[in-house]
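**Student:** Sharing a structure, written as structure tokens. Questions coming.
The values are calculated or read from the model by the stated rules, or taken from the named source; none is laboratory data. It should be emphasised that the depicted structure is a prediction, and the values quoted were computed from it without experimental measurement. Methodologically, a virtual Cβ is constructed for each residue, glycine included, from the backbone with ideal geometry; neighbour enumeration extends over all protein chains shown.
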Amino acid sequence: MSVIRMLCVVYALLITANINAGLIDFEKTALGGQPTDNGTIEFSDAFMADGVTVRFGFDTDSDGTLDAKAVFEEAGNVDIGDDTGFWGIDSARDVAAPGYTDLLGDFFLRQSDPYEPFGIFTILYETDRRVTAASGEIWDIDGNVNKGKTEQFLVQAFNGSTLLDSRQSPLGVDKTLNGLPWTFGFDGLSDITKINITFIGSKTSGIGLAFNNFSPVEDISEPINVPEPSTLALLVLGAMGVASRRLRKLP
């Protein structure tokens, strides 16, 4: 391959690989093992989504510090007395609506005290690059407006303490989203370092958070700790020059 062609390939890779996305579906623990029903997720547990390290937890008193652990919930577990994340169609525990079973998977995430107010569910990032987009699912947002019991969630994306953007879920006033996911998404933001999810419905009890399929998206258009194209060109030219000199010295 000629030097010019090699440089063109390198440059093309740099300008076309602009994003890096991964999915955390909670089918594995942070260490890659098999989750167990009601198993806790430590504050330090680092889930990986390609180049992004993600941690999950709850801030129950809104003081900015994680103080309650997230928990793995097994879908469809009907053990007597077992805690649940949500009640689906016909009061089926942790069962997705027909056609959505594969999307829910075998495990999802819930708060440690089922159906109790959870404060702020917090998602934290650690990465060398900017996270410019993210998406996730909140399941089973339903309610009974006739009894004054509604469910709704506020999702906020932050850079440090600066609010970048927010989304509100549909207002759960009936069974329309029973056993179904609502997907939130952010895109084109400067740099997301934290996402907060807060319950803003009218319920004061029986509040469940069932969270699944989280995906952060890195912007890798400006690679970290990788030489600029001009520097790469010099490195390639230097390497080619060394190789050429060695070839000339061969008998």
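A quick yes/no check of all residues on (1) under 15 Å from Leu209 (Cβ atoms); (2) free of Cβ contacts under 8 Å to residues at least 40 places away in the same chain; (3) crowded, with 17+ Cβ neighbours inside 10 Å; (4) outside the structural domain of Gln111 (by TED's automatic domain parsing):
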position	(1), (2), (3), (4)
Thr122	yes, no, yes, no
Ala133	no, no, yes, no
Asp142	yes, yes, yes, no
Lys147	no, yes, no, no
Ala157	no, yes, yes, no
Asp174	no, yes, no, no
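**Student:** Among the listed residues Asp61, Asp45, Asp90, Asp82, identify the single one that is within 19 Å of the chain's Cα centre (by Cα) and not in a strand (DSSP E or B).
**Tutor:** Among Asp61, Asp45, Asp90, Asp82, only Asp45 is within 19 Å of the chain's Cα centre (by Cα) and not in a strand (DSSP E or B).
**Student:** Please determine whether any residue of the stretch 199-221 is part of a loop (DSSP other than H, G, I, E, B), modelled with pLDDT of 95 or more and in contact with a helix residue (DSSP H, G or I) (Cβ under 8 Å, 6 or more places away or on another chain).
**Tutor:** No, every residue in the stretch 199-221 fails to be part of a loop (DSSP other than H, G, I, E, B), modelled with pLDDT of 95 or more and in contact with a helix residue (DSSP H, G or I) (Cβ under 8 Å, 6 or more places away or on another chain).
**Student:** Of the residues in the stretch 132-159, how many are under 24 Å from Ala49 (Cα atoms) and either β-branched (Val, Ile, Thr) or modelled with pLDDT under 95 (or both)?
**Tutor:** Here the count works out to 3.
**Student:** Take the conditions assigned by TED's automatic domain parsing to the domain that holds Trp139, on the phi > 0 side of the Ramachandran plot and assigned to a helix (DSSP H, G or I) and apply them to Asp102. Does it pass? If you could, list the steps in order and put the result at the bottom.
**Tutor:** On the way: assigned by TED's automatic domain parsing to the domain that holds Trp139: yes; on the phi > 0 side of the Ramachandran plot: no; assigned to a helix (DSSP H, G or I): yes.
Here the answer is no, as Asp102 does not meet what is asked.
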